[in-house]
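Written out below as structure tokens is the structure these notes cover.
The values are calculated or read from the model by the stated rules, or taken from the named source; none is laboratory data. All values reported here derive from a predicted model rather than from experimental measurement. Glycine gets a Cβ as well: all are built from the backbone with ideal geometry, and neighbour counts include every protein chain shown. Protein only, heavy atoms only, side chains kept; ligands, DNA and RNA dropped before computing areas. Shrake-Rupley method; radii C 1.70, N 1.55, O 1.52, S 1.80 Å.
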Amino acid sequence: MKRILNLEGAINLRELGGYPTKDGTTIKYNKLLRSGDISNLTGKSLAYLKKYGLKYVVDFRSDDEQRNWADTTSDFYKIYSDPVYPLKGNGDKLAGILNRNSYNYLGMIYQSVVLDTRGQQAYKLFFDLLLHNDQPDTALLFHCAAGKDRTGIGALLILKALGVDDETITKDYLLTNLMYESDYEVDKILNDKSGNQSVNKMNMSKADLESITSVYEAIDHYYGSFENYLDKALDIDADKLAKLKDIYTTKD
């Protein structure tokens, strides 16, 4: 199955199935999709997603973004508003203490997001919805604007929770850069010159290795381990983690 799904009206839409885990399983196909903007899905694309089994759409964008570029609606999936921004500010403080300007622009943002109580609240809802996607032949799509930052953090969190290794997660994250090299009119679609300039700058910045590595360091520094972060920040204990693995991985 293709990793990159070039559906009309979608930006940076990708399949997460097929990745191996340290437990000897693989991520199931037709269960998880990551994406950027889906406000312009065509009838052909909707037909594909219906056949795919899409039931849940999680929108990490801000309230303003959701109003200005509303997701395409349909009767076969439900859209859940789950804004990561605006952050409450405690994440910025914690990231600043840890970094002292040692990480780049995106790295500092990513650390702020995973450490901020608002960011954690957003990803907690994300994981709650992932747990609800427990029926056969149903899929969940999560997205932001570019499908790189807020979505990239979401992908990192669920893939690592399921046991995918850091190198594979990083390669998946870096696939986003193919979007900036493609025929997409990225600047026209994503750069809202009258909107939130911080979000615009983030959307227009390419993915890089240092940024994704910064997330691991922030979690390890403040929580000791990724498993402890899942438990304390996202309310995913051992039982819920086992359920997630049962839903999204297979030994076949």
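Only alpha carbons enter this Debye calculation for the chain, each as an equal point scatterer, and the log10 of I(q)/I(0) it gives at q = 0.17 Å⁻¹ is -1.41. A Förster radius of 30 Å combined with the Cβ-Cβ distance from A242 to E167 puts the calculated FRET efficiency at roughly 0.80. In the distance distribution for segment 24-152, Cα-Cα pairs more than 26 Å apart total 28 percent. Solvent-accessible surface of protein heavy atoms, probed at 1.4 angstrom with all chains present, puts T176, T213 in the order T213, T176, largest first. Around D137, what is the net charge, scoring Lys/Arg as +1 and Asp/Glu as -1 over all other residues with Cβ under 13 Å from its Cβ? Residues near D137 contribute +4 overall.
Given a 1.4 Å probe and the protein chains as shown, K28 ends up with an accessible area of around 60 Å².
Give the residue from I247, T72, A145 lying farthest towards the positive end of the charge dipole for the chain; charges sit on Cβ (+1 for Lys and Arg, -1 for Asp and Glu) and the dipole is referred to the Cα centre. Highest projection toward the positive end goes to T72. How much length, in nm to one decimal, is gained on full extension between K78 and L209, taken as 0.36 nm per residue of separation minus their Cα-Cα distance? This chain segment gains 43.8 nm when fully extended.
What's the carbon and sulfur percent of segment 1-145's accessible surface, probe 1.4 angstrom, rounded to a whole number?
Details: 3280 of 6370 Å².
Exposed carbon and sulfur together represent 51 percent of the surface.
Computed over protein heavy atoms with a 1.4 Å probe, the accessible surface of the chain works out to 45 Å² per residue.
Each of L49, N104, L131 was scored by the projection of its Cα onto the charge dipole of the chain, and the greatest displacement toward the positive side belongs to L49; charges sit on the C-beta of Lys, Arg, Asp and Glu.
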